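Structure first, commentary second.
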Amino acid sequence: MYYHKKINSPVGELTLVATDKSLMAVLWENDDPTRIQLEESIEQEDHVLLVEAGNQLAEYFGRKRTGFELPLEFTGTEFQKKVWQALLTIPFGETRTYGQIAQQIGDPNAVRAVGGAANKNPISIIAPCHRVIGASGKLTGFAGGLKTKSYLLQLEYTKRNPTLWQSWE
């Protein structure tokens, strides 16, 4: 059984989806409905895990949290799961290229496939696909939109380096 809760954030309304044991998804307000395949869910505002995920996201957006402590469950292909697990290793305030992620998972020729998997990441923000950029340093595809990706990177960059400002646009 899946449960969901909607929360407001600086990047728009987010829908959190969980089972009794794990967070399954963080979905964008205008998410492509075909991007992630989940069974129907029941709205449950007081679901313990969804409340905790909402609290941790609020702390993240409030610059009081640099990492998440939530049980996660990824649903996808084995390749996608490898990529999503690799995303979890990117430190707050840092970025990696798609090529670096491909190298990390042991498939250096899979750069485009890494990009495709990152775009289908079901647990946005918490599994930080926004921290993956193009080889040139430019922002590339992001399910939440490039403006949101830029916002998240700037939020993290200025929290980690308060006297610096990086323009990602």
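The values are calculated or read from the model by the stated rules, or taken from the named source; none is laboratory data. What you see is a predicted model, and the numbers here were worked out from it, not measured in a lab. Neighbour counts are summed over all protein chains in view; Cβ atoms, including those assigned to glycine, are modelled from backbone coordinates with ideal geometry.
If Glu52 passes every condition in (1) farther than 20 Å from His130 by Cα; (2) loosely packed, with under 13 Cβ neighbours inside 10 Å; (3) not aromatic (Phe, Trp, Tyr) but one, which one does it miss?
Here Glu52 meets the rest and fails (2).
Against the condition modelled with pLDDT of 90 or more and either charged (D, E, K, R) or out of contact with any Phe, Trp or Tyr (no Cβ under 9 Å at 6 or more places or on another chain) (or both), how does Lys82 come out, does it pass? Walk me through it before giving the result.
Details: modelled with pLDDT of 90 or more: yes; either charged (D, E, K, R) or out of contact with any Phe, Trp or Tyr (no Cβ under 9 Å at 6 or more places or on another chain) (or both): yes.
For Lys82, the condition - modelled with pLDDT of 90 or more and either charged (D, E, K, R) or out of contact with any Phe, Trp or Tyr (no Cβ under 9 Å at 6 or more places or on another chain) (or both) - is met.
Which residues, counting only those in the range 107-153, are within 25 Å of Asn55 (Cα to Cα) and part of a loop (DSSP other than H, G, I, E, B)?
Lys120, Asn121, Pro122, Ser124, Ile125, Ile126, Ala127, Pro128, Phe142, Ala143, Gly144, Gly145
Looking only at the range 118-153, filter to residues that are small (Gly, Ala, Ser) and over 25 Å from Glu13 (Cβ atoms); which one of those is farthest from the chain's Cα centre (by Cα)? Working first, answer last.
Step one: of the range 118-153, the residues small (Gly, Ala, Ser) are 118, 124, 127, 134-137, 141, 143-145, 150.
Filter once more, keeping what is over 25 Å from Glu13 (Cβ atoms): 134-137.
Values: Gly134: 17, Ala135: 20, Ser136: 21, Gly137: 19 Å.
Filtering first and then ranking leaves Ser136.
Collect the residues in the range 63-89 that are not in a loop (DSSP other than H, G, I, E, B) and not charged (D, E, K, R), keeping them in residue-number order. Break it down stepwise before answering.
First, the residues of the range 63-89 that are not in a loop (DSSP other than H, G, I, E, B): 72, 78-87.
Listed by number, the residues that qualify are Leu72, Phe79, Gln80, Val83, Trp84, Gln85, Ala86, Leu87.
Would the range 61-79 turn up any residue that is crowded, with 18+ Cβ neighbours inside 10 Å and not hydrophobic (A, V, I, L, M, F, W, C)?
No, because not a single residue in the range 61-79 is crowded, with 18+ Cβ neighbours inside 10 Å and not hydrophobic (A, V, I, L, M, F, W, C).
Limited to the range 90-106, what total is found for residues that are within 22 Å of Gln154 (Cα to Cα) and in a loop (DSSP other than H, G, I, E, B)?
Selection size over the range 90-106: 6.
Any residue at all in the range 54-61 that is in the same structural domain as Leu16 (by TED's automatic domain parsing), in contact with a strand residue (DSSP E or B) (Cβ under 7 Å, 6 or more places away or on another chain) and either assigned to a loop (DSSP other than H, G, I, E, B) or within 22 Å of Ala143 (Cβ to Cβ) (or both)?
Yes: the range 54-61 contains one or more residues that are in the same structural domain as Leu16 (by TED's automatic domain parsing), in contact with a strand residue (DSSP E or B) (Cβ under 7 Å, 6 or more places away or on another chain) and either assigned to a loop (DSSP other than H, G, I, E, B) or within 22 Å of Ala143 (Cβ to Cβ) (or both).
Val11 versus (1) over 19 Å from Tyr151 (Cβ atoms); (2) of a type in the set (A, V, I, L, M, F, W, C); (3) in a loop (DSSP other than H, G, I, E, B): which is the lone unmet condition?
(1)
Quickly run through the range 18-30 and pick out the residues that are under 11 Å from Leu49 (Cα atoms), in a strand (DSSP E or B) and touching a residue at least 40 places away in the same chain (Cβ under 8 Å). Break it down stepwise before answering.
Step one: list which residues in the range 18-30 are under 11 Å from Leu49 (Cα atoms), which gives 18-24.
Imposing the further condition that a residue be in a strand (DSSP E or B) reduces the set to 18, 23-24.
Result: Leu23, Met24.
Exactly one condition in (1) out of contact with any helix residue (DSSP H, G or I) (no Cβ under 7 Å at 6 or more places or on another chain); (2) closer than 17 Å to Pro10 by Cβ is false for Gly67; which is it?
(2)
With the condition kept exactly as written, say whether any residue in the range 143-152 is at pLDDT below 95, of a type outside the set (Ser, Thr, Tyr) and farther than 24 Å from Ala58 by Cβ.
So far as the range 143-152 goes, no, none of its residues is at pLDDT below 95, of a type outside the set (Ser, Thr, Tyr) and farther than 24 Å from Ala58 by Cβ.
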